[in-house]
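Working notes for the structure below.
The values are calculated or read from the model by the stated rules, or taken from the named source; none is laboratory data. Just so you know, these numbers come straight off a predicted model, no measurement behind them. Using ideal geometry, Cβ is built from the backbone for each residue, glycine included, and neighbour counts are taken over all protein chains shown. When the accessible area is computed, the model is the full protein with side chains, heavy atoms only, and any ligands, DNA or RNA have been set aside. Shrake-Rupley method; radii C 1.70, N 1.55, O 1.52, S 1.80 Å.
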Amino acid sequence: MSVLPFKLSGFYPVHLLTFLTLIVFSCDRSKPASPQAKLRFESIIPNPVSTSMSGNMFTLTDDTRIVAGAGNGVDQVAKFLAGKLRPATGFELPVLNEESSGKDAVILSLADDKELGEEGYELVVSDDQIKITANSAVGLFWGAQTLRLLLPDEIEEKKVVANTAWEVATGTIRDYPRFEWRGSMLDVARHFFGVEDIKHFIDLISLYKINILHLHLSDDQGWRIEIKSWPDLTEIGGRTQVGGGDGGYYTQEQYAEIVGYAARHFITVVPEIDMPGHINAALVSYKELNPGPSINREPASARPDRPEAGEVYTGTEVGFSTLDVKKEVTFRFINDVLRELAAITPGPYLHIGGDEAAVTKKADYIAFVNRFKDIVKANGKKMIGWEEIAQGDLDSTITVQHWHSQQYARMAADKGARLIFSPAEKVYLDMQYDSTTKLGLHWAAYIEVDSSYMWDPATRVPGVDASLILGVEAPLWSETLVTMNDIEFLLFPRLPGVAETGWSPREKRDWETYKARLANQSRRWNIMGINFYKSPKVPWAY
């Protein structure tokens, strides 16, 4: 019996060569990026500081794991990401706390990269791994949100999607925000929205790296936060809303639930109690808060049909109510409200409103602002108010929210206060898109998606130093909003543009490239069930 040379475990040389070739090719995961993966890489909102594609793809599989490095909050972000990716993929995607070479893994780890700052991140996609690094957990979280946008739109499905390749184009993204304040305000006073609605709102805004949720908790039509030392504020003042019908309010436990959910999305909740005007719901609840007959009011208007303060009100007029600076009970009320609110708000800010106090005498108004400042400070918080508070004795610890008057904005800046920019004719998202859209108002302007995008905070108010600009915020007042469907319609597609205004470098923003990136979000929104306005200004991809 003859024996052939070089026989090795049943393989002849020619078979061995074939076998080794198969091994080599099976270990090489290189695959050219698909046009769709490239398009997603090019369509990120907000536009990153820098991006570069390298031409291949990473594919998420049922062998992929998520590796959470050591550090405060890293595991939390890893679990959030896994929770977002599991439903559509059907993959286990285990979260592991271990040192790993990272093959077939999504790795989250902390770094020391001064350029990235507190919220920045670096996302590197190679053929066999995805790595997100940042200086803090919040940076990792924003990197994870970017990764969601890099995956196929179907990743947003709540059930397993068959026959989908979960591919991400390879390349590097380095990113960090232009402004530290990127806010979205929701008015829950004129129409009330429950806890689950607020959580959904947080889900929507966090996808585009909004980091502030400003809740407008009181107004003439309703009081929405439980104050245990003044229970009738919610028992009486919380019963109504615009148009009549049941109102509602948050218990302090429900408010804590909202704050906690926001914190898990790295969003700071800023509560607003609007004073000394917009206070009718409190006047209805406690008659002793109503100004006496001797108060020196400045008339809100010459209209004889102006609402009567202290009576239940479900309309939409403004500027008819006020607190009385001379009554002792007024400041007992204010102290109690801000003390309880500060105790249940872990964030550093309390918003005291201060707008449209048309029937408050100017001298009294200034006295109110100065007292508000001291009370907020005594409760360990920083005061924010609408631009009218610029008339008070401000300093660098105060933040002024500009919405209309350039004069007030400059006055605030001259006093060293910081500024949030919310110009009504650009980012009041309760404004109609045009005269044909039914939801919204138009007293400030009709605001199409291009107009909402095409402005720059640094040049908004001549004479205001850019170093004083804290950031931008998009208010959504709820006079015409009753359902979450209504909220989504006015929020989208304008909110992503506000987010980009706050996040992206000025040189990375222009309407022509933005509208193409915005258009490519529409399939994702459809899958998420978002009710958005199909603006004719945008070449939608759906």
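Between residue 70 and residue 393, the FRET efficiency estimated from the beta carbon spacing at R0 = 45 angstrom works out to 0.45. Axis of helix 252-264 versus longest Cα principal axis of the chain: the two differ by about 40°, to the nearest ten degrees. Near residue 348, once Lys and Arg are set to +1 and Asp and Glu to -1 for all other residues with Cβ below 13 Å from its Cβ, the sum equals +3. Of the whole protein surface, residue 192 contributes about 40 Å² of accessible area at a 1.4 Å probe radius.
Stretched out straight at 0.36 nm per residue, the stretch from residue 236 to residue 96 would grow longer than its current Cα-Cα span by 45.3 nm. For a paramagnetic label modelled on residue 523 (point 7 Å from Cα along Cα→Cβ), amide N atoms under 11 Å away belong, within the stretch 149-169, to 152-155.
Here the dipole of the chain is about 820 debye; that uses its Cα centre as origin and unit charges on the Cβ of Lys and Arg (positive) and Asp and Glu (negative). Charged neighbours of residue 339, selected by a Cβ distance under 11 Å, balance to +1 (K, R count +1; D, E count -1).
Across the options 446, 482, 516, the greatest Cα extent toward the positive end of the charge dipole of the stretch 406-520 (unit charges at beta carbon of Lys, Arg, Asp, Glu) belongs to 516. Placing unit charges on each Cβ (+1 for Lys and Arg, -1 for Asp and Glu) gives the chain a dipole about its Cα centre, and among 217, 242, 348 the Cα reaching farthest toward its positive end belongs to 348. The magnitude of the dipole of the stretch 396-516, with charges of +1 and -1 set on the Cβ of Lys/Arg and Asp/Glu and taken from the Cα centre, is near 360 debye.
Against the chain, whose longest principal axis comes from its Cα atoms, helix 13-27 is set at around 0 degrees. Charge tally around residue 70: other residues with Cβ under 13 Å, Lys/Arg +1 each, Asp/Glu -1 each, net -3.
Determine the gain in length on full extension of the stretch residue 531-residue 30; use 0.36 nm per residue of separation and subtract their C-alpha separation, reporting nm with one decimal. Here the answer is 176.5 nm. Dipole magnitude for the stretch 56-154: computed about the Cα centre from +1 point charges on Lys and Arg Cβ and -1 point charges on Asp and Glu Cβ, it is near 240 debye.
Ratio of Rg to Rh for the chain: 1.07 [Cα atoms; Kirkwood radius as inverse mean 1/r over pairs]. Determine, from the Cβ-Cβ distance of residue 287 and residue 483 and an R0 of 51 Å, the FRET efficiency 1/(1 + (r/R0)^6), rounded to the nearest 0.05. That pair, residue 287 with residue 483, gives E of 0.90. Evaluate E = 1/(1 + (r/R0)^6) for residue 86 and residue 467, where r is the Cβ-Cβ distance and R0 equals 41 Å; express this FRET efficiency to the nearest 0.05. Efficiency for this residue pair is about 0.40.
Extension gain, residue 513 to residue 443: 0.36 nm times the residue separation minus the Cα-Cα distance gives 22.2 nm. Ranked by the mean number of other Cβ atoms within 10 Å of their residues, highest first, the peptides 387-399, 522-534 fall in the order 387-399, 522-534. Sorting the segments 121-127, 353-359, 182-188, 457-463 by their residues' average number of neighbouring beta-carbon atoms within 10 angstrom, most packed first, yields 182-188, 353-359, 121-127, 457-463.
Sequence-distant contacts, meaning Cα pairs under 8 Å at least 6 residues apart, place the relative contact order of the stretch 500-542 at 42 percent.
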